[in-house]
Amino acid sequence: MSKPRDPPRPHLVRGSGPQGGERRSEHRGAPDEAIEKERLKDQAGHVLDEARMVLPGIQALFGFQLIAVFNERFARDLSRNEQLLHLAAVALVVVAIALVMTPAAYHRQVNDGTVTRAFIDLSSKLIAGALLPLMVAIALDVYIVARAVLPDTGIGLAAAAFALITCGGLWYALPRWHRRRR
């Protein structure tokens, strides 16, 4: 008969305690992958920081999208359908901006200085959800740019598909794959 095994001991994560000491982590993987539970306040700070980091890039894309419409080549070289595709891309970027900005606006109006698990969950879903319309908008605009530069529609479609697969793979598939591995 085999002797019962002792339960695994938590890893000690060095340098992560209040004064650089040790804090216990319940993760049983390699020490360099130790996971710690964050306080709600810290989680809220990270969520809002993530939104702040993503927003300037989305706003820059939005600015370039708006400027493109006033370029003479927009009306001359793009078909009416391609111009409507660009308008759809602009609308999708507006949706992405609204989704990314919602956590900060919601927090100020609803939570009144407190942090709740519901706020963290909602904010995470909104920011992750913003990536879908952004990904489609990027793919549409890549197609439009390819069409403006190259006469071949097929190359434009291939470039758009590449952009869509790349963004989707990195923003959605990779995190889900990594989460399943843990």
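Taken together, the values in this text are just the output of simple stated rules run on the coordinates, not laboratory data. Since the model is a prediction, treat every value here as computed from it, not as a measurement. Using ideal geometry, Cβ is built from the backbone for each residue, glycine included, and neighbour counts are taken over all protein chains shown.
Considering only the stretch 119-126, I want to know if a residue exists there that is in contact (Cβ under 8 Å) with a residue 60 or more places away in the chain and surrounded by fewer than 17 Cβ atoms within 10 Å (Cβ to Cβ).
Looking through the stretch 119-126, at least one residue is in contact (Cβ under 8 Å) with a residue 60 or more places away in the chain and surrounded by fewer than 17 Cβ atoms within 10 Å (Cβ to Cβ).
Taking only the stretch 107-154 into account, find how many residues are under 30 Å from Ala68 (Cβ atoms), within 21 Å of the chain's Cα centre (by Cα) and charged (D, E, K, R).
Of the residues in that region, 1 qualify.
Out of Arg147, Arg108, report the one residue that is touching a Ser or Thr at 6+ places or on another chain (Cβ under 9 Å) and charged (D, E, K, R).
Answer to the check: Arg147.
Considering each of Val136, Val142, Val93, Val110 in turn, give the residue that is under 23 Å from Phe74 (Cα atoms) and without any contact (Cβ under 8 Å) to a residue 40 or more places away in the chain.
That would be Val142, the only listed residue that is under 23 Å from Phe74 (Cα atoms) and without any contact (Cβ under 8 Å) to a residue 40 or more places away in the chain.
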